[in-house]
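Input: a single structure, listed below in C-alpha cells.
The values are calculated or read from the model by the stated rules, or taken from the named source; none is laboratory data. All of these numbers come straight from a predicted model, not from anything done at the bench. Cβ atoms come from the backbone with ideal geometry, glycine included; neighbour counts cover every protein chain shown. With ligands, DNA and RNA removed, areas are computed over all heavy atoms of the protein, side chains included. Shrake-Rupley method; radii C 1.70, N 1.55, O 1.52, S 1.80 Å.
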Amino acid sequence: RSGPDRERQSHPEKEIGLLSACAIIIGNIIGSGIFISPKGVLEHAGSVGLSLIVWVCGGGICALGSLCYAELGVTIPKSGGDYSYVTEIFGGLVGFLLLWSAVLIMYPTTLAVIALTFSNYVLQPAFQNCLPPFIATRLLATICILFLTWVNCSSVRWATRIQDVFTVGKLLALVLIIVVGLIQISRGHYDALRPSVAFEFSEDPSVGQIALAFLQASFAYSGWNFLNYVTEEVVEPRKNLPRAIYVSIPLVTLVYTMTNIAYFSSMTPEELLASNAVAVTFGEKLLGMFSWVMPISVALSTFGGINGYLFTSSRLCFSGAREGHLPYLLAMIHLKNCTPIPALLLCVSTDLTVLSLTHNLINYVSFINYLSYGVTIAGLLYLRKKRPNLARPIKVNMLVPITYMIFWAVLLGFSLYSEPVVCGLGMVIMLTGVPVYFVGVQWKEKPKWVYRLLEKVTYMGQKLCYVVFPQEDTSETEPLTAFKATD
C-alpha cells in the first residue's frame, strides 16, 4: 500500500448497540423454520405434550451454549465467533477446518435455502395452483441476495437497521399467531393440549426418536451464536454481548413454545403433520380473508434472515483473512464506509454458486454446524485448564459447559448412528481442508511468482473496492494479549 493509504487506515464501525445486538441474535434464530415445519419435532416426539417439552428444553440447551459463548466472547473479544475461539485455543489447523467448511458449505448452503424459501413465498400468490417456475425462484433469490449485498457493502448502519426492522416484523407475525391461538384457547378449543390427550403416544417413544426430536429443535434454534461473529462492531462488547444473549434466548424460547401451543389450538396433530407450511395452514383456518398475512410474514422473516447471514458470514471471512487463513484482500474494509466489501463479494459469489446445488449439500450442513458448537465449547473447558489465570469478565459455572457437552455428545452419537453416510461425508468435506491448509497457509517458501500474483490481485482489488487494512483497536484485546506475553 502507498503511504497515504497507511495514514488513512480505518476502524470497523461500532454501530451495534444492545437493541441491534438482540436483533441479530433473534433475527438469525427466527427464520423460516418456526413458520413452516415444526412437524419434525412432533413427528419424532410422538405426542403433543412431549413435543412442547422438547421445544422448552431445546431453548434451555441453547441458553447453556449461549452462556459458554458469552464467556468466550468477552475473554477472546474478536469477531469471527467459533473460528476465532478455536484458532486461539487449538491452533491454526483446527480453526482453518471450521473456516473451510463454513465458507465452502455451511453458510452458502444455509443462505441459499433461506433465499429460495423467500422467493417461493413471494411468488406463491402468483402461482396458487402450482409451484413457482424453477427459473423464477432462482432469479428472485439472486436479486434478493445481490440487493442485500449492496446494502451491506454500503453501510453497517443500513444493514443493522434492516435487521432491526425485520426482526420486529417477524416477532409481530409470531405474536399474531400467539394472540389468535390464545383467543382460540379462551373459547375452549384446546382438546389437543389437555394432559390426558397431549401425552397419548401412538407407540412408545424410543430414546433415539426423542434424540432426533431434540436435534430438530436444536436446528430451529441455530443462529444463537451469530452475535459473536461481529464482536468488534458491538458497542461495549463486554457489557452488551452477554446482555443481548440473556434477553434474546429466553425471549425466543418463550415465543417458540407459545407459537407451537397456538398451532395446536387450531390444528390436530394429524393436520399439523400433514402440513408442509404450518403457519400458512394456521392462517387459512383462522384468519379468513387475512390469511395472506402468513405467506408475507414468512417472506419478511426470510428476507431478514438473508441479511443477517450476509452480515455475519462476511465477518467470518474477514477474520479468517486477518489470521492469514484467507487472502489478505478479504481483511480489508472500505476507506469511508468501513464495510468488508471483498469479504462480502466472496460470500455472495459462493452463495450464488450453491443456489443450484442446494439439495445435494443441505444434508451435510446441520452435522458440520453442530460439530463446530461442540468443538468450540470443548475449547472453553480446555482454556479453563490450560490458562486458569486468563482474565474472564464472565465466568460460567463448570456445570454449564459440561452439561452442554453431554447433551451434544448424545445427539451427535445418535446422528452418527441414524445417518452414518451423511455424517461421514460431512467429515470428509471438512477434512478436505487439511491439504489446502498445509499448501496455502503452512507452506511459507512458495515460488516468487505466486507472491507476485497475489500482490497484483490484492492491489487490483484495493483499487476496485477502495479498501485498506483496518487499524486495530487494541482496547478490548489487551487482557488476552498481556496474558499471552506472560504465559
- Message: Just to be sure I understand the model, the point goes 7 Å from the Cα along the line to the Cβ. What's the resulting ASP191 to VAL422 distance in nm?
- Response: 3.4
- Query: How large is ³J(HN,Hα), in whole Hz, for each residue of segment 258-275 in order, when computed from phi with the Karplus curve 6.51 cos²θ - 1.76 cosθ + 1.60 and θ = phi - 60°, using x for Gly and Pro?
  - Reply: 5, 5, 5, 4, 4, 4, 6, 6, 10, 10, 6, x, 5, 5, 5, 5, 7, 8
- Task: Starting from the Cα-Cα distance between LYS385 and ILE402, subtract it from 0.36 nm times their residue separation and give me the gain in nm to one decimal.
- Result: 4.8 nm
- Query: Taking 0.36 nm per intervening residue step and subtracting the Cα-Cα distance, what contour gain separates ALA126 from VAL175 on full extension?
  - Reply: 14.9 nm
- Task: Using Cα extents along the principal axes in Å as the read-out, say which of (i) 66, 63, 42; (ii) 73, 52, 42; (iii) 66, 55, 43 was calculated from these coordinates.
- Result: (ii)
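About its Cα centre, what dipole magnitude does segment 45-173 give when the only charges are +1 on Lys and Arg Cβ and -1 on Asp and Glu Cβ, stated in debye to the nearest 20?
340
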- Note on the structure: Once amide hydrogens are built 1.01 Å from N within the peptide plane, the residues lying 5 or more places from PHE199 or on another chain with amide H under 5 Å from its amide H are GLY49
- Item | Sequence ranges 388-401, 444-457, ranked by mean other-Cβ count within 10 angstrom, highest first | 388-401, 444-457
- Hey, which lysines would be in cross-link range of LYS444, C-alpha to C-alpha under 25 Å, not counting anything within fewer than 8 residues on its own chain? LYS456, LYS484
- Angle between the Cα long axis of helix 156-186 and the longest principal axis of the chain, 0 to 90 degrees, nearest 10? 10
- Message: Along the Cα→Cβ direction, 7 angstrom out, place labels at TRP292 and PHE147. What is the inter-label distance in nm?
- Response: 1.8
- At 0.36 nm per residue, minus the direct Cα-Cα distance, what do LEU464 and CYS57 gain on full extension? Give it in nm, one decimal, please. 141.6 nm
- Above-threshold pairs, the threshold being 19 Å between Cα atoms, out of LYS239/LYS395; LYS39/LYS285; LYS239/LYS336; LYS336/LYS463; LYS78/LYS395: LYS239/LYS336
- Compute the long axis of helix 293-322 from its Cα atoms, compare it with the longest principal axis of the Cα atoms of the chain, and write down the angle in degrees, 0 to 90, nearest 10. 20
- Item | In degrees, nearest ten, helix 341-354 long axis to first principal axis of the chain (Cα) | 50
- Given a Förster distance of 35 angstrom, what is the FRET efficiency for ARG392 paired with THR268, based on the Cβ-Cβ distance and rounded to 0.05? 0.10
- Using only helices, what value at 222 nm comes out for the chain when you add -39,500 (n - 2.57) per DSSP H run of length 4 or more and divide by the total residues, to the nearest 500 deg cm²/dmol? -23000 deg cm²/dmol
- Query: Roughly how many Å is it from the Cα centre of segment 399-462 to that of segment 218-285, as a whole number?
  - Reply: 29
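Quick one: ranking CYS130, CYS347, CYS57 by accessible area, 1.4 Å probe, largest first, what do you get?
CYS130, CYS57, CYS347
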- Given R₀ = 30 Å, FRET efficiency for PHE201-LEU254 by Cβ-Cβ distance, to 0.05? 0.70
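Explain nothing, just the number: dipole magnitude of the chain about its Cα centre with +1 on each Lys and Arg Cβ and -1 on each Asp and Glu Cβ, in debye rounded to the nearest 20.
1240
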- Item | Note, ³J(HN,Hα) from phi for segment 129-144, Karplus 6.51, -1.76, 1.60, rounded to Hz, x at Gly and Pro | 9, 7, 6, x, x, 4, 5, 5, 5, 5, 5, 5, 4, 5, 4, 4
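By the gyration tensor of its Cα atoms, with a ≥ b ≥ c the square roots of the eigenvalues, what is the shape of segment 247-312: rounded for a/c under 1.5, prolate for a/b over b/c, or oblate?
Oblate.
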